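Structure record follows, encoded as structure tokens.
The values are calculated or read from the model by the stated rules, or taken from the named source; none is laboratory data. This is a predicted model, so every value here is computed, not measured. All Cβ positions, even for glycine, are placed from backbone atoms using ideal geometry, and neighbour counts span all protein chains on display.
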Amino acid sequence: MSVTSTDLRNIAIVGHNGTGKTSLMEQLLYYAGVISKPETIESGKTISDFTEEEIKRLISVHTSLAHLKWDDKHLNFLDTPGYAGFIGEAICGFRATEASIMMVDAKDGAQIETIKLWRRLDNRNKPRAVFINKMDCERANYTRVINDLREHFDATFVPTFIPMGQDKEFKGIINLIENKAYFANDGIEKETIGEIPEEYKEIEAKYREQLIEYAAEGDDELIEKYFSEGTLDAHDIRVGLKKGLFNNRVVPVFCGSTLKGSGITSLLNFIAHNFPKPLGQVEWITNKKGEQEDLIISDKGDATAYVFKTTIDQYSGKLSYIKVATGCIVAGETELTNPKINKKERVSKLYRAVGKKLIETPFLSAGDIGIIAKSSICETNCTLLENPNKNNFTFKPLSIPEPIYALAINTEDKKSEDKLNDYLHKVAEEDLTFKTGFNKETKESIVKGMGDVHLQLILDTVCEKQKIIIHTKLPKVAYRETITKKSGIVEYAHKKQSGGHGQYGKVLIEAYPIERGKKYEFINSIKGGSVSKGYIPGIEKGLIERMSEGYLAKYPLVDIGINLIDGKEHPVDSSEMAFKLAAKGALEAALEKANVTLLEPYMEVHVFVDNKYLGDILSDLSSKRGRVSGQQEFGRLQEVIATVPQSEMLNYAIDLKSMTSGTGSFELEFSHYEPLSGRASDLVIADSKNIE
């Protein structure tokens, strides 16, 4: 299936968990004739949720791609997870598409992840529409949800569909543009079109007048026509909404029921003819000078693309999801280079996808999304260039948040450890919010992710697939050490006599505190050549090596300046090694006089909670030695910003879930180090003695 750039639309389906994103994808594919019937989440047979962990847990874990055709337009949909733990997958969807559909529950309105995802769309200035789902469910209320959205977000929400009834009385939707009613059936039988029932004509007229006013604001010519004629026809409304959506000035609001397949026909019509096409859109690139530039998506010129997602399939191998920015990639012909590793390869085959099903395609044109299988040069975030000599740039990488939850892990034997490491390496390649590594300071293997659910899912999966046992615990905190006063001048001579040449080196230094975060400063104040220049690198090596070993609790020393004042060498016995050892001895002596203290890492935390939990959250942060620096209100939701010691945040993902009945979420990143003293310091030092 070949697709030209002008016929493309790329859409991310996003929203809070449980709002019906995967069910919407099923209905879209069913209405487009891609599948014979829409499946339920409980059946384990949906197109989007096809991995073992998704089927077992009945949640979306990965972003899934599906392609369909509607009214001669080719639509790429990316169904994204709604759990905060899998935000990296949602970001992949944002990166590769020109617009999003925000799914909102007709009972609950804007939820915590709705707000967080909305902010991410704002940061990218991405056009979006809202689909109010589950209009057939108990307590569904269209008007309340619209008002809730307007309370939470600074946006112009434009009702484009309205429901015919709600809750148990829901009958279908009214398309205000077409002035037609779409009657819901059972989700297997598609909705049927008809005239608007008499009982809804009054409310339809009210909402349609509002729609016309909003549409007129999208274009100056339409405003003039509206004032002169007092109305706009369906074509004019579409033009106004299309321009307003393209400029991210209006947010069309749709509604329906994915369970009953209601609202789908009108939604597909609107997307196909009114959502932004990729041609003419802007991609951010970094040129060879390190400057950011705009690249316009165009079907002209050499092929350029970027990889926004990677998966490892047990049958197809590594699958690299790409977005083409310029030109055209032709299977069997186009040769692409990854400038980061300066390697190139010919693209043998290209694919579209409908969930896990790969469909071979002869080419991918500008703006299109597809897959390259088993590439040796592709990795997530990499740039692909047909002509690297002419197009010397890289695409801006995904903006991935830092992991917020960590565990120390170990296995029972070396064979199990090898299996674990091999599997986790593959996971890290697929999921950029998952990180694994070894902490040399604490002698622990560490895994980091976006929450306990995120990590537990990964570890449970590796245990099941590799048949190994994994032990987990909270990791030790990576403290630092520093000095709080000058040491004064100290000297140290390294002397060693043997049968042949001996070893001799003498240095005089002074250690002093420097600005927090500067880490290290070295000044060579030797005058008169008392120590040859060739020995100075050895002295620095010795100082840096000694700083890495710590003093109080074996944590690295930081934020220390060292002034090399003088020294002495021997014409025969001196060497770089002798001066390195002399420098280590001198710094040891200086530390005894410089009042070494521990430094504790602090994190900046953004907590998102319902108003009713605010008091509990503030009290808990205070008990964790946290300092609140700000609050923002989004309707009934609050964002609390605070700095808290890392040691108090190790289990916060679980603590917050308990305090907010699973509704709260948070983001975390390193802030700074602060001195730690008293009993807390004594406990850390005592604990360090147990680290081998």
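Please pick out the residue among 572, 596 that is farther than 25 Å from residue 476 by Cβ and more than 35 Å from the chain's Cα centre (by Cα).
Working: 596 fails: farther than 25 Å from residue 476 by Cβ.
Answer to the check: 572.
Quick check: anything in the range 352-360 part of a loop (DSSP other than H, G, I, E, B) and outside the structural domain of residue 35 (by TED's automatic domain parsing)?
yes
Test each condition in (1) touching a residue at least 40 places away in the same chain (Cβ under 8 Å); (2) within 29 Å of residue 675 (Cα to Cα); (3) out of contact with any Lys or Arg (no Cβ under 7 Å at 6 or more places or on another chain) for residue 548 and report the one that comes out false.
Result: residue 548 passes all but (1).
Which of the following residues is in contact with a strand residue (DSSP E or B) (Cβ under 9 Å, 6 or more places away or on another chain) and either hydroxyl-bearing (Ser, Thr, Tyr) or surrounded by 15 or more Cβ atoms within 10 Å (Cβ to Cβ) (or both): 297, 312?
Numbers: 312 fails: either hydroxyl-bearing (Ser, Thr, Tyr) or surrounded by 15 or more Cβ atoms within 10 Å (Cβ to Cβ) (or both).
So the residue among 297, 312 that is in contact with a strand residue (DSSP E or B) (Cβ under 9 Å, 6 or more places away or on another chain) and either hydroxyl-bearing (Ser, Thr, Tyr) or surrounded by 15 or more Cβ atoms within 10 Å (Cβ to Cβ) (or both) is 297.
What helices (runs of 4 or more DSSP H) lie completely within the range 571-663 and have 1 or more residues being within 30 Å of residue 675 (Cβ to Cβ) and at pLDDT below 90?
Ranges flagged: 652-659.
Under 20 Å from residue 116 (Cβ atoms), of a type in the set (S, T, N, Q) and surrounded by 12 or more Cβ atoms within 10 Å (Cβ to Cβ): does that describe residue 646? Steps first, please.
On the way: under 20 Å from residue 116 (Cβ atoms): no; of a type in the set (S, T, N, Q): yes; surrounded by 12 or more Cβ atoms within 10 Å (Cβ to Cβ): yes.
Judged against the criteria, residue 646 is not a match.
If I ask for residues that are part of a strand (DSSP E or B) and surrounded by fewer than 20 Cβ atoms within 10 Å (Cβ to Cβ), which ones from the range 330-350 would you list? Outline the logic, then answer.
At the first step, the residues of the range 330-350 found to be part of a strand (DSSP E or B) are 330, 335-338, 343-346, 350.
Within the range 330-350, 330, 335, 337, 343, 344, 345, 346 meet the criteria.
Restricting the range 455-473 to residues that are in a loop (DSSP other than H, G, I, E, B) and in contact with a strand residue (DSSP E or B) (Cβ under 7 Å, 6 or more places away or on another chain), which is farthest from residue 560 (Cα to Cα)?
The selected residue is 468.
Looking at the range 14-35, which of its residues are within 26 Å of residue 109 (Cα to Cα), small (Gly, Ala, Ser) and either part of a loop (DSSP other than H, G, I, E, B) or without any contact (Cβ under 8 Å) to a residue 24 or more places away in the chain (or both)?
18, 20
How many residues, within the range 356-403, are over 15 Å from residue 318 (Cα atoms) and over 21 Å from the mean Cα position of the chain (by Cα)?
20
Here are 677, 681: which of them is within 30 Å of residue 489 (Cα to Cα), in contact with a Leu (Cβ under 6 Å, 6 or more places away or on another chain), in contact (Cβ under 8 Å) with a residue 24 or more places away in the chain and not assigned by TED's automatic domain parsing to the domain that holds residue 114?
None of the other options fit; the residue is 681.
Considering each of 17, 76 in turn, give the residue that is among the polar types (S, T, N, Q) and crowded, with 24+ Cβ neighbours inside 10 Å.
Every option except 76 fails the conditions.
Return the pair list, or none, for Cβ contacts closer than 8 Å from residues in the range 417-429 that are in a helix (DSSP H, G or I) to residues that are modelled with pLDDT under 90 and not hydrophobic (A, V, I, L, M, F, W, C), at least 6 apart or on different chains.
Sorted first by the residue in the range 417-429, then by its partner, the pairs are 419/466; 420/466; 423/465; 423/466.
Which number in (1) assigned to a strand (DSSP E or B); (2) within 30 Å of residue 688 (Cα to Cα) marks the one condition that residue 566 misses?
The failed condition is (2).
Residues in the range 100-137 that are acidic (Asp, Glu) and over 17 Å from residue 610 (Cα atoms): how many? Step through it out loud before you land on a result.
In the first step, residues of the range 100-137 are kept if they are acidic (Asp, Glu); the result is 105, 108, 113, 122, 136.
After this cut, where a residue has to be over 17 Å from residue 610 (Cα atoms) as well, the list is 122, 136.
Summing the residues that are acidic (Asp, Glu) and over 17 Å from residue 610 (Cα atoms) in the range 100-137 gives 2.
Taking residue 372, is it over 30 Å from residue 294 (Cβ atoms), β-branched (Val, Ile, Thr) and not assigned by TED's automatic domain parsing to the domain that holds residue 95?
Spelling it out, it is not the case that residue 372 is over 30 Å from residue 294 (Cβ atoms), β-branched (Val, Ile, Thr) and not assigned by TED's automatic domain parsing to the domain that holds residue 95.
All but one of (1) surrounded by 15 or more Cβ atoms within 10 Å (Cβ to Cβ); (2) out of contact with any Gly (no Cβ under 7 Å at 6 or more places or on another chain) hold for residue 473; which doesn't?
(1)
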